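Student: Here's a structure for you.
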Amino acid sequence: MNVEPWKTASQGAVSQAVSGIQYLLKAHGHAVATDGSFGPGTKAAVIAFQKAKGLPADGVVGTVTWQKLVIATSSGSAGDAVRAVQQFGLLSSPGDEPLVVDGSYGPTTTARVKDLQRSWGLTMDGAAGQEAWSFLSTFAPGPRPWPLVKQGATQATNWRVLAAQHLLRAHGATITADGSFGPASGNAIRTFQQTLRATFISTTVGQLDWPALIVTVKLGDKGEAVKAVQTLVPGGLTVDGSFGPSTDAAVRNYQTMFSPPSDGIVGPNTWHTLTLAIFD
């Protein structure tokens with residue numbers, strides 16, 4: 001749950017995640033249309049799959065069903081399990097050619113999966129395994145997940161590292177905010193997690209951690225949480241921990257484009273969008 005944000009899909013849903021389910025069902029030998037619409041035929045196929053795997057046969061694709069349904073693919077793989085990944089299109093820049101849904105996991109598919117992994121702070125191996133699929137499952141209407149910050153990440157590989165370190169410091173951690181999420185940072189998030197819950201403890205900043213780590217800040221505030229904001233807001237702000245006029249202006253400008261209302265207050269919604277957007 002903390003590091004794999006599986007999103008449930010059931011009859012009536014229409015999304016790319018549903019198309020992924022349908023291609024995966026085909027890869028498991030179930031005849032189903034790959035139209036992205038979770039209708040009676042898809043539900044029947046899901047029930048048949050669940051019965052074959054000894055799962056509760058409710059026709060709903062939740063976490064346990066997803067984990068059994070996913071087929072890991074990587075460079076050199078072929079077939080409907082690859083098409084399940086390719087049909088998302090994944091990330092592309094203006095001018096990039098569309099990702100062809102041809103069932104062949106070649107260099108372009110590998111590169112696009114790496115882009116996806118980079119955008120969410122995942123292990124960048126270019127392979128579509130369970131971790132990548134947990135995020136692909138969220139490609140459906142509704143709230144977006146939070147990204148990950150994993151031990152071993154650096155600011156160069158995951159531009160949220162400094163923000164996570166400053167937020168941990170805001171909650172009392174004595175780590176250095178150096179842009180390298182090493183063992184000390186990993187231990188700091190484990191310690192923080194233990195103050196919140198008894199399960200989902202790891203060295204990764206995940207779904208349950210960000211909402212507890214973030215601190216609402218605004219004009220006049222000072223401290224580590226302000227530094228975290230200053231590392232994320234575009235505009236080359238000085239990371240001095242002082243929420244002054246220049247930080248206020250940069251936040252308002254950002255909110256105008258990505259997180260209205262433009263009130264200069266960095267609350268949960270603005271924090272969330274700041275962790276999702278890439279400015280490089």
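The numbers here are math on the coordinates, done by the rules we state, and not lab data. Fair warning: this is a prediction, and the values are worked out from it, not measured in the lab. Methodologically, a virtual Cβ is constructed for each residue, glycine included, from the backbone with ideal geometry; neighbour enumeration extends over all protein chains shown.
Student: Note down the magnitude of the dipole of the chain about its Cα centre, charges +1 on Lys and Arg C-beta and -1 on Asp and Glu C-beta and zero elsewhere, to the nearest 20 debye. Could the numbers behind the result be given before it?
Tutor: Numbers: 20 positive and 18 negative charges, 122 e Å.
Charge dipole, the chain, about its Cα centre: 580 debye, nearest 20.
Student: First select every other residue whose beta carbon is under 11 angstrom from the beta carbon of Asn158; then total the charges, Lys and Arg +1, Asp and Glu -1. Please report the intermediate quantities before stating the final value.
Tutor: Values: positive: Arg118, Lys150, Arg160; negative: none.
Neighbourhood net charge equals +3.
Student: So for the chain, taking the charge dipole from beta-carbon charges (+1 Lys/Arg, -1 Asp/Glu), which of Thr238, Ala184, Val251 sits furthest toward the positive end?
Tutor: Working it through, the farthest residue towards the positive pole turns out to be Ala184.
Student: For segment 28-101, which trypsin sites (Lys or Arg not before Pro) are in a loop by DSSP, counting at most 16 other Cβ atoms within 10 Å?
Tutor: Passing both the DSSP loop test and the Cβ count: Lys53.
Student: What is the magnitude of the charge dipole of segment 162-229 about its Cα centre, with +1 placed on the Cβ of each Lys and Arg, -1 on the Cβ of each Asp and Glu, and no other charges, expressed in debye to the nearest 20?
Tutor: Around 100 debye, computed over segment 162-229.
Student: Among Val18, Leu116, Leu148, flag the residue with its Cα farthest along the positive direction of the charge dipole of the chain, charges on Cβ as +1 for Lys/Arg and -1 for Asp/Glu.
Tutor: Of the options given, the answer is Val18.
Student: Something else: Full-extension gain between Asn269 and Gln16, please, as 0.36 nm times their residue separation minus the C-alpha to C-alpha distance.
Tutor: Gain in length upon complete extension: 88.6 nm.
Student: Can you give the relative contact order of segment 161-276 as a percent, counting alpha carbon pairs under 8 Å and 6+ residues apart? Can you show the working numbers first?
Tutor: Numbers: 156 pairs, mean separation 26.5, N = 116.
For segment 161-276, the relative contact order is 23 percent.
Student: Explain nothing, just the number: dipole magnitude of segment 16-136 about its Cα centre with +1 on each Lys and Arg Cβ and -1 on each Asp and Glu Cβ, in debye rounded to the nearest 20. Let's see the in-between values first.
Tutor: Details: 9 positive and 9 negative charges, 77 e Å.
Using only the charged Cβ atoms, the result is roughly 360 debye.
Student: Relative contact order of the chain: what whole-number percent is it, with Cα pairs under 8 angstrom and at least 6 residues apart?
Tutor: With pairs under 8 Å counted, the relative contact order is 15 percent.
Student: On to the next question. The list (1) 6, 29, 37, 22, 5, 0; (2) 7, 33, 39, 18, 3, 0; (3) 7, 26, 29, 23, 12, 2, 0 gives values of P(r) over Cα pairs in 10 Å bins from 0, in percent, and only one came from this structure; which label was calculated from it?
Tutor: (3)
Student: What pairs from Lys68/Lys114; Lys53/Lys150; Lys7/Lys43; Lys26/Lys114; Lys26/Lys53 go past 20 Å between their alpha carbons? Before the final figure, lay out each step's value.
Tutor: On the way: Lys68/Lys114 23 Å; Lys53/Lys150 32 Å; Lys7/Lys43 16 Å; Lys26/Lys114 25 Å; Lys26/Lys53 15 Å.
The answer is Lys68/Lys114; Lys53/Lys150; Lys26/Lys114.
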